[in-house]
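Note sheet for the following structure.
Every number in this text was worked out from the coordinates using simple rules, so none of it is lab data. Here the structure is a predicted model, which is why all the values come from computation and not from measurement. Here the Cβ is made from the backbone with ideal geometry for all residues, glycine too, and neighbour counts use every protein chain on show.
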Ligand SMILES: [Zn+2]
């Protein structure tokens, strides 16, 4: 089977279900069947247990087609049908659900100070996880070694029939999606590392190892399972040490020609402002990032920051400038991208409820028509967003061609 080929999947929002299931003009019967199997599996993976009629309504496929597709997926062990416990009197409506413990992925979040490895089942359940700390950063070789060690230890607790169907890794840097090549990860001090290949070698797997930027994956996760599932144009703004953006445009992640896109934190908002980590001056990050929040709260170091930030009149007053800068930056983004939703995540999700009034006041700088279409949401997945996003890209190959991918794994083992 082909190794290391990674296609970053379409962000799998529920809004796209119907479109995905349409038969493809010019496709062979087998291709249409594969596409429809993928649509049904993706739907149950993202939404959980569904009846045949709900699947039929969501995909636009007729009930007999849906029945045949479910039989195929059930024969492979990926899903099963059961009668809901709370069914009302009358003809029972079977419910299709993901089979527990049948397939899973290895999802990894490589952060500056630690690496987290999780086993995530179809349906998004995090079955097990482990963390190794590396406070002063670590080399790619050591991080890959730790990933193997943690994954092997977690896998030892799984039932024998469980099959690993993918590996997905989040990196705080710029990544070439097609082969998991890390172009640059400044905070890890990595440059030009074929990390996907390195991890595949360590794990001795023929599975593709998908690697992507952590902010992109958090945005993908919020869109797939979190606060913005019903939208197709979503901007996720994640504020922590830095401020990152994940842009989902027309249902797809947008990262630009070289993968450098979405760096909303480095948009200049105050040319006379503070120097930024990127070397620029007055970037948005210098006004709404962790350092700005700590400084506004009168803290001398981020270590003193207690989260969630207490909602007191004093904190509201202190954070007002941060809230205003946040609204000014958002207005720029809204004017350029006209998103349906902005999802606020990380430290900014702590700040926004305290500064909402002034932030929305500044947001009114945006063009009326674009402003009126906008909803602002707080992220739902919290600190799990990145690992869930990493799991979603790891499931991409299975969700593209469920039976073909399982057959390829069986052949390779
Ligand atoms: Zn900057």
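Could you give the angle, 0 to 90 degrees to the nearest 10, between helix 385-394's Cα long axis and the longest principal axis of the Cα atoms of the chain? Between helix and principal axis, roughly 40 degrees. Specify whether the C-alpha gyration tensor of the range 227-379 places it in the rounded, prolate or oblate class, a ≥ b ≥ c being the square roots of the eigenvalues: rounded for a/c under 1.5, otherwise prolate if a/b is larger than b/c and oblate if not. Prolate, since a/c reaches 1.5 and a/b exceeds b/c. Once divided by 2.2 N^0.38 Å, the Cα radius of gyration of the chain becomes 1.03.
Taking the C-alpha atoms only, the angle from helix 402-412 to the longest principal axis of the chain is near 80 degrees. Principal-axis analysis of the Cα atoms of the chain puts helix 63-75 at an angle of about 90° to the longest axis.
Can you give the FRET efficiency for residue 317 and residue 155, using 1/(1 + (r/R0)^6), R0 = 41 Å, r = Cβ-Cβ distance, to the nearest 0.05?
Efficiency at R0 = 41 Å is approximately 0.20.
Between residue 201 and residue 411, the FRET efficiency from the beta-carbon distance, with R0 = 22 Å, is close to 0.65. Compared with the alpha-carbon gap, the fully stretched path from residue 136 to residue 307 is longer by 59.2 nm at 0.36 nm per residue.
Sorted on the mean count of surrounding Cβ atoms within 10 Å across their residues, most packed first, peptides 324-330, 144-150 read 324-330, 144-150.
Only bridges whose two residues both fall in the chain count here: according to DSSP, what percent of them are antiparallel, nearest 5? Don't skip to the end; give the middle numbers.
Working: 37 of 58 bridges.
Restricted to the chain, the bridges split so that about 65 percent are antiparallel.
Our Cα-only numbers for the range 140-210 put the radius of gyration and Dmax at 12.9, 40 Å. When each of the peptides 379-388, 66-75 is scored by how many other beta carbons lie within 10 Å of its residues on average, the order from highest to lowest is 379-388, 66-75.
Could you order peptides 194-205, 294-305 by the average number of other Cβ atoms within 10 Å of their residues, highest first? Walk me through the intermediate numbers first.
Working: 194-205: 19.4, 294-305: 13.1.
Ranked from most to least packed, the peptides come out as 194-205, 294-305.
Of all the options 394, 366, 215, the one that moves most in a Gaussian network model of the chain with Cα springs shorter than 10 angstrom is 366.
The label-point distance for residue 364 and residue 278, in a model that sets each label 7 Å from Cα toward Cβ, rounds to 3.0 nm.
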